[in-house]
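Here's the structure, in structure tokens; my notes come after.
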Amino acid sequence: MNIVTAATDFEMAAFCRQYGENEKVTTFVTGIGPVETATRLASFLATFPRKVSCVLNIGIGGAYLGRQNGVGLLDLCLAKHEILGDLGICFDDRIEPLPGEGLGGKYTFELDQSLLRQACDILDEHEIVYKVGNFVTVNGVSATERRGTMLGNLHQGLCENMEGAAAARVCEEFAVPLVELRCISNLVEDRNRENWQVKPAADKCAEAAAMVLRGMLDEQR
């Protein structure tokens, strides 16, 4: 069984419109933020009655401006790593790890590289342009360019979201491979919702995710 997760109903609805139904695919809405994602997804996997082949985590994200990564509105991005971006000691201009042995825990999660390559191959086959790099998971959406630039530079991040690292941690605990695909709905700048492209980003991510999942299922046959 393959599980598709998204934070919200509207992101999942966009995927369902593109993909339809398949007996080998289950969808699950995790809720917004790392706490809801970790709690709900862990409970879901712990009671799921079938073996899970992979989790495909999809949704929208905000692109960082501080690095020369060339990511813009409505660009597709695949995660190589997910990073807990604001866990630690938060200063105005930096975030430092918690000091002392055993206090910091794990901040960075490498996503399944085999699934990542497979997703890249599928998008390449369909001549779909995308970026690959670090995703940064935050507890609070960055509402200023300064904060976004700091987080992007600190973690060499392409974009930020509020669920990916939590999903990665849970999947690691359950030994389930995870691949994450997002589409950029906004730039991480001084907050201006007039510039956001939420619905087009959700629709574009859903279309690409459906394409990737179909290709993955073909490989599993």
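Assorted remarks:
- Counting DSSP beta bridges with both ends in the chain, the antiparallel % (nearest 5): 25 percent
- Nearest 10 degrees, 0 to 90: helix 9-19 Cα axis against the chain principal axis: 40 degrees
- Prolate is the label for region 1-86, because a/c, from the alpha-carbon gyration tensor with a ≥ b ≥ c as root eigenvalues, is 1.5 or above and a/b exceeds b/c.
- For region 162-171, 3J(HN,Hα) per residue [Karplus equation, 6.51 cos²θ - 1.76 cosθ + 1.60, θ = phi - 60°, Hz, x = Gly/Pro]: 10, 9, x, 5, 5, 4, 5, 5, 5, 5
- Selected from Leu123, Met211, Leu41, residue furthest toward positive end of dipole (the chain; charges at beta carbon): Leu41
- The Kirkwood radius of the chain, taken over pairs of alpha-carbon atoms, gives through the Stokes-Einstein law at 25 °C and 0.890 mPa s a diffusion coefficient of 141 µm² s⁻¹.
- For region 9-114, trypsin sites (Lys or Arg not before Pro) meeting the loop criterion (DSSP other than H, G, I, E, B) and having at most 14 other Cβ atoms within 10 Å: Lys24, Arg50, Lys51, Arg94, Lys106.
- Net charge dipole, the chain: roughly 240 debye, given to the nearest 20, about the Cα centre with Cβ charges of +1 for Lys and Arg and -1 for Asp and Glu.
- For region 1-107, the Cβ-based charge dipole about the Cα centre amounts to some 460 debye (Lys, Arg positive; Asp, Glu negative; other atoms uncharged).
- Rolling a 1.4 Å probe over the protein heavy atoms of the chain, with every protein chain left in place, gives an accessible area that is 49 percent carbon and sulfur.
- Close amide H partners of Cys159, meaning residues 5 or more places away or on another chain with modelled amide H under 5 Å apart, are Tyr64, Val136.
- Residues of type aspartates and glutamates that Lys106 reaches as a straight line, Cα spacing below 12 Å, ignoring anything fewer than 8 places off in the same chain: Glu82, Glu172
- Other residues whose C-beta falls under 10 angstrom from the C-beta of Phe15 contribute a net charge of -2, scoring Lys and Arg +1 and Asp and Glu -1.
- Contour minus Cα-Cα distance for Phe48 and Arg94 (0.36 nm per residue): 12.5 nm
- Computed with a 1.4 Å probe over protein heavy atoms only, the accessible surface of the chain comes to 48 Å² per residue.
- Heavy-atom SASA rank of Thr26, Thr39, Thr108 (probe 1.4 Å, accessible area, largest first): Thr39, Thr108, Thr26
- When DSSP beta bridges are restricted to pairs lying wholly in region 81-193, around 40% turn out antiparallel.
- Taken one residue at a time, the phi angles of region 52-62 give Karplus couplings (6.51, -1.76, 1.60, θ = phi - 60°) of 9, 6, 6, 10, 10, 9, 10, x, 9, x, x Hz. Gly and Pro are set to x.
- Sites matching GluC sites (Glu not before Pro) across region 101-142 that sit in DSSP coil, with at most 16 neighbouring C-beta atoms within 10 Å: Glu101, Glu127
- Helix axis angle, 34-47 relative to the chain longest principal axis, alpha carbon, degrees: 30 degrees
The values are calculated or read from the model by the stated rules, or taken from the named source; none is laboratory data. Quick caveat, the model's predicted, so the values are computed rather than measured. Ideal geometry is used to build each Cβ from the backbone, glycine not excepted, and the neighbour counts take in all protein chains shown. To get the accessible areas, we keep the full protein, side chains included, count just its heavy atoms, and leave off ligands, DNA and RNA. Shrake-Rupley method; radii C 1.70, N 1.55, O 1.52, S 1.80 Å.
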